[in-house]
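Student: Pasting a structure below so you can have a look.
The values are calculated or read from the model by the stated rules, or taken from the named source; none is laboratory data. None of these values were measured; they are calculated from a predicted model. So basically every Cβ, Gly included, is an ideal-geometry build from the backbone, and we count neighbours across all protein chains shown. Remember, those area values only see protein heavy atoms, side chains included, never the ligands or the DNA or RNA. Shrake-Rupley method; radii C 1.70, N 1.55, O 1.52, S 1.80 Å.
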Amino acid sequence: MDMSVSLNQQVRDDEALVPTTHEELAAWVAEVAEMTQPADVYWVDGSQAESDRLTAELVEAGTLRKLNDDLFPNSYAAFSDPADVARVEERTFICSKDERDAGFTNNWMDPQEMKSILRERFTGSMRGRTMYVIPFVMGPLDAEQPQYGVEITDSAYVVASMRIMARIGTGVLRKMEAENAFFVPALHSVGAPLADGEADVPWPCNEEKWIVHFPEERSIWSYGSGYGGNALLGKKCYALRIASVIARDEGWLAEHMLILRLTSPEGRAYNIAAAFPSACGKTNLALLDPTIEGWKAETLGDDINWMRIGKDGELRGVNPEYGLFGVAPGTGWSTNPNAMRAIAKGNSIFTNVALTDDGGVWWEGMTDEVPAHLTDWQGNEWTPDSGRPAAHPNSRFCTPIDQIDMLSQEYYNPEGVEIHAILFGGRRKTTIPLVTEARSWANGVFMGSTLSSETTAAAAGAVGVVRRDPMAMLPFIGYNAGDYLNHWDRISGQLNPERRPKIFLVNWFRRTADGGFAWPGFGENSRVLKWVTERIEGGGGARETPIGYVPTADALDLAGLDGFTPEDVEAAVRVDADEWRTEVEDIETWYANFGDALPASLRDELAGLKERFRA
Ligand SMILES: Nc1nc2c(ncn2[C@@H]2O[C@H](COP(=O)(O)OP(=O)(O)O)[C@@H](O)[C@H]2O)c(=O)[nH]1
Ligand SMILES: C=C(OP(=O)(O)O)C(=O)O
Ligand SMILES: [Mn+2]
């Protein structure tokens, strides 16, 4: 049998040749091909030549638009169906055997019942299309226990994007075979079969979408959408929802966090992890351009952090991804030059951004000067007085992580880095100070468990509605949220108390009375992080409040920050007792959802907070 993996073979009814020695994988691929009935099956090898071929096909099909090589080398723009632009939380399911194991934060259906619905949808769903098999690994391939997956998809756009976002291809497959390793089977179809001779559309998808996880099986079935968060299954579906279940069972944490390394002028390095909900600033903070003298920032990860307990009881984090899938709007030369430099190197896929007349891309906030003429993300003529955004608010850039100049060499370390501080943050116009240091580790876990944020365009539905988002994991906890908080509690108990990260609550999005941001954000966030590192060292001016410690007016380094005064700091960190009494009530309502499952330590924290506001 020809064992080369790049052969593009016809599936025949009698014999579906599968170029792998991994028996379970071979069996699964054959089973899926039989169900979905693709025109052919293609094993993705991950090579540049293959990628060039696929992108050329996608250009031919009208899915991708090649950009001007002088502006964005080897880069493409895709435009989705206008109804397929974000994650679909209403259509996302955790199908554990027992409904209780999905918990109140997830949609649930009986796995058997769900399977029968999905089998119906997937039957013949790839007709007229190529079925791609993508072997991938989340995290370094030389990890002690590499976390394998195989995505089957009928979308070449997904293949091209997965090649940026994860380590994929033959090298991964060979190691997986040699170890006869377990892999997460991740099945994806856009749900748009083609009849004989039927012309394709640029962005095939189905009105009906199903993003389904079977936690006991560790499997994923995604149907009907081509959007990143729904279709690049290594990311939110595997690395958060399924991995959180694996982590619960194995004693680690799969979290929605960036990892940033900050080095002081004296050469002390601090690794900071931060959990913010989607479109609340992870990628930006991960690529921080410090505005304070002598401080250096390096990127380790921008979205996902897998944390294990090290041999000295320290928490160690690894970024399992290989690329960035960043929110485009707001990413600009003045706010995030590091991201712009990475993007400018090319090799990127943009989705739902606007096109410039010279074959480049543009989005709101990319440059201070707004182009006089664009083609918007829906293909319409656009001028600054069109009265609508040119790029979709959830438009994205997909870029290889090694194009970040500030990428830390530690990114490649399978052991990860010790985490010294954890930030929890959200998007809140009021109430939540710029930064608050937790009173204790337990108080910090309480801050995480009660984290709240206004909803964003990253998920379909209303934008700007405040909701609780525990550890920024609300749409990503793959099991019962009460069990999740208990798992955090359990991990807490296993950490060396001397090495436990300090925990902080941050809010870059607080507003002043006149509606402006109370804090300039972006690179200026380095000033807040400097204070964080001072607190780690036992210094830094701080004032105790009922919710924790906030910086004193003179404690933030404001050197070079023109027009921003210590009084402005005071306003940004103000704890308003009236606002907080309302907040505490809302937290009580939130906690009521957990019933008896709420860890006692968190119940005590809430009681303490209430008491301090009464006093
Ligand atoms: N005002 C303000 N906006 C920010 C800040 N950081 C990020 N943003 C904006 O928030 C949006 C989402 O940011 P991003 O870093 O992509 O969020 P992610 O989805 O969590 O990675 C973008 O429009 C950013 O411009 C900040 O410090 N201040
Ligand atoms: C990929 C996504 O994540 P984020 O906005 O957190 O970068 C998403 O929400 O689809
Ligand atoms: Mn991001």
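Student: Does PRO204 satisfy being open to solvent by 10 Å² or more (accessible area, probe 1.4 Å), in a loop (DSSP other than H, G, I, E, B) and at pLDDT 95 or above?
Tutor: yes
Student: Out of (1) more than 18 Å from the chain's Cα centre (by Cα); (2) open to solvent by less than 10 Å² (accessible area, probe 1.4 Å); (3) of a type outside the set (Lys, Arg); (4) within 30 Å of ARG308 (Cα to Cα), what's the single condition that is false for HIS420?
Tutor: If we test HIS420 against (1) more than 18 Å from the chain's Cα centre (by Cα); (2) open to solvent by less than 10 Å² (accessible area, probe 1.4 Å); (3) of a type outside the set (Lys, Arg); (4) within 30 Å of ARG308 (Cα to Cα), just (2) comes out false.
Student: Among the residues that make up the stretch 395-403, is at least one of them assigned to a loop (DSSP other than H, G, I, E, B) and out of contact with any Pro (no Cβ under 8 Å at 6 or more places or on another chain)?
Tutor: Checked against the condition, which is being assigned to a loop (DSSP other than H, G, I, E, B) and out of contact with any Pro (no Cβ under 8 Å at 6 or more places or on another chain), the stretch 395-403 yields no hits at all.
Student: Starting from residues that are open to solvent by less than 10 Å² (accessible area, probe 1.4 Å) and not in a strand (DSSP E or B), keep the ones in the stretch 318-328 and report whichever is farthest from ligand 1 (Cβ to nearest atom).
Tutor: Checking each candidate, the answer is PRO320.
Student: Which count do you get for residues in the stretch 516-539 that are over 15 Å from ASP568 (Cβ atoms) and surrounded by fewer than 13 Cβ atoms within 10 Å (Cβ to Cβ)?
Tutor: 3
Student: Here's a follow-up. Please enumerate the residues belonging to the stretch 541-600 that are hydroxyl-bearing (Ser, Thr, Tyr) and touching a Lys or Arg at 6+ places or on another chain (Cβ under 6 Å).
Tutor: Scanning the stretch 541-600 gives a single hit, THR552.
Student: In the stretch 347-375, what residues are surrounded by 17 or more Cβ atoms within 10 Å (Cβ to Cβ), in contact with a Leu (Cβ under 9 Å, 6 or more places away or on another chain) and not aromatic (Phe, Trp, Tyr)?
Tutor: The answer is SER348, ILE349, ALA354, LEU355, THR356, GLY360, VAL361, LEU374, THR375.
Student: Working only within the stretch 376-409, note down all residues that are among the polar types (S, T, N, Q), open to solvent by less than 70 Å² (accessible area, probe 1.4 Å) and under 22 Å from TYR76 (Cβ atoms).
Tutor: ASN394, SER395, THR399, GLN403
The rows are residues; the columns are (1) within 13 Å of ligand 1 (Cβ to nearest atom); (2) among the basic types (Lys, Arg); (3) in a strand (DSSP E or B).
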site	(1), (2), (3)
ALA247	no, no, no
ALA279	yes, no, no
ILE292	no, no, no
THR299	yes, no, yes
ARG316	no, yes, yes
GLY330	yes, no, no
THR335	yes, no, no
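Student: Still on this structure, please answer the following. If the requirement is being within 30 Å of ASP69 (Cα to Cα) and acidic (Asp, Glu), which of these qualifies: GLU255, GLU314, GLU321? Before the answer, list the steps.
Tutor: Details: GLU255 fails: within 30 Å of ASP69 (Cα to Cα); GLU314 fails: within 30 Å of ASP69 (Cα to Cα).
Result: GLU321 is the single residue among GLU255, GLU314, GLU321 that is within 30 Å of ASP69 (Cα to Cα) and acidic (Asp, Glu).
Student: Let me ask something else about it. Name every residue in the stretch 278-318 that is under 11 Å from the mean Cα position of the chain (by Cα) and away from ligand 2 (no atom under 11 Å from the Cβ), in order of residue number.
Tutor: The answer is GLY301, ASN305.
Student: Here's a follow-up. Which pairs turn up if I take residues in the stretch 362-376 that are within 16 Å of ligand 1 (Cβ to nearest atom) and look for partners that are part of a strand (DSSP E or B) and polar (S, T, N, Q) with beta carbon separation below 7 Å, at least 6 apart in sequence or on another chain?
Tutor: Once the first residue is within 16 Å of ligand 1 (Cβ to nearest atom) and sits in the stretch 362-376, its partners that are part of a strand (DSSP E or B) and polar (S, T, N, Q) give TRP362/THR356.
Student: Next question, about the same structure. For the stretch 410-446, which positions are among the acidic types (Asp, Glu) and part of a helix (DSSP H, G or I)?
Tutor: GLU410
Student: Quick check, is GLU144 open to solvent by 10 Å² or more (accessible area, probe 1.4 Å) and assigned to a helix (DSSP H, G or I)?
Tutor: Details: open to solvent by 10 Å² or more (accessible area, probe 1.4 Å): yes; assigned to a helix (DSSP H, G or I): no.
Criteria not met by GLU144.
Student: Can you tell which of LEU288, LEU262 is open to solvent by less than 10 Å² (accessible area, probe 1.4 Å), part of a loop (DSSP other than H, G, I, E, B) and either aromatic (Phe, Trp, Tyr) or on the phi < 0 side of the Ramachandran plot (or both)?
Tutor: LEU288
Student: So, one more: List every residue pair whose Cβ atoms sit under 6 Å apart, with the two residues 6 or more apart in sequence or on different chains, where the first one lies in the stretch 95-111 and is outside any strand (DSSP E or B) and the second, anywhere, is at pLDDT 95 or above and of a type in the set (Phe, Trp, Tyr).
Tutor: CYS95/PHE214; GLU99/TRP108; ASP101/TYR479; ALA102/TRP108; MET109/PHE93; PRO111/PHE214
Student: Here is a further query. For the stretch 474-489, state whether one or more residues are open to solvent by 10 Å² or more (accessible area, probe 1.4 Å), part of a loop (DSSP other than H, G, I, E, B), out of contact with any Asp or Glu (no Cβ under 8 Å at 6 or more places or on another chain) and at pLDDT 95 or above.
Tutor: yes
Student: Name every residue in the stretch 234-272 that is within 14 Å of ligand 3 (Cβ to nearest atom), aliphatic (A, V, I, L, M) and within 14 Å of the chain's Cα centre (by Cα), in order of residue number.
Tutor: ALA239, LEU240, MET257, LEU258, ILE259
Student: Now for a different question. From the list ILE164, ILE134, ILE117, pick out the single residue that is open to solvent by 10 Å² or more (accessible area, probe 1.4 Å) and within 23 Å of GLY301 (Cβ to Cβ).
Tutor: Of the residues listed, the single one that is open to solvent by 10 Å² or more (accessible area, probe 1.4 Å) and within 23 Å of GLY301 (Cβ to Cβ) is ILE164.
Student: Give just the number: which of (1) open to solvent by 30 Å² or more (accessible area, probe 1.4 Å); (2) part of a loop (DSSP other than H, G, I, E, B); (3) touching a strand residue (DSSP E or B) at 6+ places or on another chain (Cβ under 9 Å); (4) away from ligand 2 (no atom under 16 Å from the Cβ) does ALA513 not satisfy?
Tutor: Here ALA513 meets the rest and fails (3).
Student: Report, by residue number, each residue of the stretch 112-132 that is at negative phi, assigned to a loop (DSSP other than H, G, I, E, B) and out of contact with any Asp or Glu (no Cβ under 6 Å at 6 or more places or on another chain).
Tutor: THR123, SER125, ARG127
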